[in-house]
Amino acid sequence: MTLRLIPTHPFSGQRPGTSGLRKKVAVFQQPHYLENFVQAVFDVQPKLAGGTLVVGGDGRYYNPTAIQTILRMAAANGVKRLLVGQHGILSTPAVSCLIRKHSAAGGLVLSASHNPGGPDGDFGIKFNTDNGGPAPEKVTEAVYVRTKTIEAYRILDGIDVDLGIIGGSILGTMAVEVIDPVADYAELMESLFDFEAISQLMQDGTFRMCFDAMHAVTGPYARAILENRLGAPRGTVINGIPKPDFGGAHPDPNLAHAQELVSILNGHDAPAFGAASDGDGDRNMILGQRFFVTPSDSLALIAAHAHSVPGYRNGLAGIARSMPTSGAADRVAAQLGIPCFETPTGWKFFGNLMDAGKVTLCGEESFGTGSSHVREKDGLWAVLFWLNILATQRNQSVANIVAQHWQQFGRNVYSRHDYEGVDSNAAQDLMANLHRALQTLPGQQYGERRILCADDFSYTDPVDGSTSSGGGIRLIFDDSSRIVYRLSGTGTEGATLRLYLESYEPDPTRHTADAQFLLAPLIQISETIADVRRYTGRDQPDVIT
Ligand code: VG1
Ligand code: CO
C-alpha cells in the first residue's frame, strides 16, 4: 500500500452550516471535494493522528464510497485505530456514544440528516470532537479557513475494507474495527431506562405502539431495542430497513413528512403511542392517539417527569434550549429550582454546558431532545424516555399526560412556519429589512399586542466566553408572546425562512384548541411585519410544524 500526496485546489463554499457541510450529492461527487474537507479536518485536529476515530453514516446514497475514501485518508494521516459501523451504519447519537466510550479523538458522520437522499438528493459530513459532540464554531471555522488554502491531501492506495463483516483488519498502520452499530448504544440505553417496566408495558396486551424509522438509520436500532430487547411485537417498527434514498421520501419526523405514521395514529384502532426518527437518528416525533406533542412540550414534559426515570433519579443540573424553542421548559426549570439556558440554534452550543455539568437535558423545537448521556440529540432516547413515563403512569394516555402538564404549568402554544426554496437574495433582503426596523419596532401596537423588545439574538457561552451572533430576529410582546425570524443553515437549495410563533395560554378551557387557531392573530402580525408574501412570493408556508 502506497501513501500518496494528491495535489488539489480549494473549492469555495466549504463552510459548515448549522450541522456540518451539506451539499447536493453531485457536489460531493466532484473529484477531490470530499477529500479536501476531510484533509482540512485532519489538518486542524492534529490529535487525530495517533488517536482513535469513529466513522459511520445514515446509509444514504454515496455513504459507501465516502467511507472507503475516509478510511484510506485516516490511515494516511496517522490515525491509529478506526471504528466503523457494519455496512457503514452508525446513527449520530451512536457515534457520540462510541467516541465517549472508546475515548476517541473524534468522529466523522456521513449524513445530511432529514434532507432527502439518493443520487439527486443531499449528502453531508460532520466532524465531532473528543467529547462526542458536534465541533464548536471555532473548530468548524478553522476547518473552513483551511479548505480555502488546501493544496494537497494524503491518501493510501489500496483495496476497500469489507464493511459487511464484523471484525478487525489493518490498513497501512491503522487498525480498522468493523463493529456492531447497535450494541454499545443499546447498552447505554439499558443503563438509563427501566427496561423491565417498559417490557411489561409492551407485553401487557393492551398497549400498542408504532415506530416509523422512515427507511433511515434508526431501523436497526429500534428493532434491536424495541422488538428484540423490550419484546414489542414484530412489525412495531415500520420502514425499518435503511435505504440509500429513504424510499424517495424526506426522512423528517414531523406532521408533514411522517404521513404514514400520522395516519396510523389518527386512524381507527390506533395504537396508544407513535414515534418517528430522522435520517441520522437524532430527531424524534412523539404522537399519542390523535395527538401531537410539540418538541418544545416534549422537552418540558421529560424534564418534569425525569425523577421517575432511573438514569435521572438524582435530579437535573439544569436545562438548555435553543432560542427559538418555546419557554415551556423554562417553567419546569423554575419550578424545579434549576437554571435554564437559552442558546443559538444547533446542538453544538449545548456541548460546553453539558461538559461543565451545568445542564442535564437539552432540546430544540426542531424535534431534537437529548441529555448528557451523549453530546448529540438522540431520537430513540426520547422515545424510550416517553415509554418509561408511560410505563410508570399506566392507564394514562399521551394526551392526558400533556393535558395535566398544561394544567399545572399553562400551555406555551407553539408553531413553526417554513418557507422553503425561497430566492436567496429575497430572503436576505427580508432579514435585512427586519434588521433595519429593530430600532423602531419596540412600542408599536399590533391589535391587542405591543412589542416590548426587538433584537437579533447573540450569545456568549457561559463556559468559555465564546460568542455567536446573528441567531435570529426576536420580537417579544407585552403578553409574553414571541415571533422569531431565522434563515435555515442546513438547506442546499435557495433559502428557507423559518417563522417561529409562541404565545402563552394559562386558561385550561382553551388548552385543547388547535395551535394554528390560537396563534392566528400572531401569525398575521408576523407576516405583516416582515412582509412575508412580498419577499417570498408565497401566500402560505410550505411546511407547518
Ligand atoms: C435545523 C434545525 C436545528 C437543528 C439542525 C440540525 O437547522 O432548525 O434546530 O439543530 O437543523 O438538525 P436550520 O439551520 O436548518 O434551522 V439535524 O437532525 O438536520 O442534524
Ligand atoms: Co438529524
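The values are calculated or read from the model by the stated rules, or taken from the named source; none is laboratory data. Not measured: the values here are computed from a predicted model. Positions of Cβ are generated from backbone atoms using ideal geometry, with glycine treated the same way; all protein chains shown enter the neighbour counts. For accessibility, only protein heavy atoms count, side chains too; no ligands or nucleic acids. Shrake-Rupley method; radii C 1.70, N 1.55, O 1.52, S 1.80 Å.
Listed values, structure above:
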| read-out | value |
| --- | --- |
| Criterion violated by residue 62 - all others in (1) open to solvent by less than 50 Å² (accessible area, probe 1.4 Å); (2) of a type outside the set (Val, Ile, Thr); (3) in contact with a Ser or Thr (Cβ under 9 Å, 6 or more places away or on another chain) satisfied | (3) |
| Members of segment 121-143 that are modelled with pLDDT of 95 or more, in a loop (DSSP other than H, G, I, E, B) and either more than 16 Å from ligand 2 (Cβ to nearest atom) or open to solvent by 20 Å² or more (accessible area, probe 1.4 Å) (or both) | 129, 130, 131 |
| Residues of segment 14-35 classified as part of a loop (DSSP other than H, G, I, E, B) and either within 16 Å of ligand 1 (Cβ to nearest atom) or over 16 Å from residue 145 (Cβ atoms) (or both), total | 8 |
| Failed item in (1) more than 16 Å from ligand 2 (Cβ to nearest atom); (2) touching a residue at least 40 places away in the same chain (Cβ under 8 Å); (3) more than 18 Å from residue 16 (Cα to Cα); (4) in a helix (DSSP H, G or I), with residue 79 passing the rest | (4) |
| Members of segment 225-248 found to be within 15 Å of residue 275 (Cβ to Cβ) and either in the same structural domain as residue 61 (by TED's automatic domain parsing) or aliphatic (A, V, I, L, M) (or both), listed by number | 225, 226, 230, 232, 237, 238 |
| Pair list, Cβ under 8 Å, 6 or more apart: segment 274-292 residue farther than 22 Å from residue 244 by Cα and assigned to a strand (DSSP E or B), other residue away from ligand 1 (no atom under 16 Å from the Cβ) and among the polar types (S, T, N, Q) | 288/397; 291/397 |
| Residue check for residue 255: aliphatic (A, V, I, L, M) and part of a helix (DSSP H, G or I) | no |
| Checking residue 217 against (1) within 23 Å of residue 394 (Cβ to Cβ); (2) in contact with a strand residue (DSSP E or B) (Cβ under 7 Å, 6 or more places away or on another chain); (3) of a type in the set (A, V, I, L, M, F, W, C), the condition it does not meet | (1) |
| Options 358, 348: the member that is under 14 Å from the mean Cα position of the chain (by Cα) and not in a strand (DSSP E or B) | 348 |
| Members of segment 472-519 that are open to solvent by less than 10 Å² (accessible area, probe 1.4 Å), within 16 Å of ligand 1 (Cβ to nearest atom) and not hydrophobic (A, V, I, L, M, F, W, C) | 472, 485, 500 |
| Any hit, segment 413-428, residues being in a helix (DSSP H, G or I), within 16 Å of ligand 1 (Cβ to nearest atom) and open to solvent by 30 Å² or more (accessible area, probe 1.4 Å) | yes |
| Pair list, Cβ under 8 Å, 6 or more apart: segment 516-545 residue of a type in the set (Asp, Glu), other residue open to solvent by 60 Å² or more (accessible area, probe 1.4 Å) | 527/533; 539/533; 542/420 |
| Complete set of residues in segment 12-33 that are away from ligand 2 (no atom under 16 Å from the Cβ) and open to solvent by less than 30 Å² (accessible area, probe 1.4 Å) | 14, 25, 28, 33 |
| Yes/no for residue 372 being in contact with a helix residue (DSSP H, G or I) (Cβ under 8 Å, 6 or more places away or on another chain) and closer than 16 Å to residue 303 by Cβ | yes |
| Filtered residues of segment 270-328 (kept if closer than 30 Å to residue 125 by Cα, open to solvent by 10 Å² or more (accessible area, probe 1.4 Å) and of a type in the set (Ser, Thr, Tyr)) | 294 |
| Subset of segment 44-59 (residues that are open to solvent by 10 Å² or more (accessible area, probe 1.4 Å) and closer than 15 Å to residue 113 by Cβ) | 59 |
| Qualifying residue in segment 259-273 (condition: in contact with an Asp or Glu (Cβ under 8 Å, 6 or more places away or on another chain) and within 16 Å of ligand 1 (Cβ to nearest atom)) | no |
| Selection status of residue 75, closer than 18 Å to residue 178 by Cβ, more than 28 Å from the chain's Cα centre (by Cα) and hydrophobic (A, V, I, L, M, F, W, C) | yes |
| Any hit, segment 299-308, residues being more than 16 Å from ligand 2 (Cβ to nearest atom), outside any helix (DSSP H, G or I) and at pLDDT 95 or above | no |
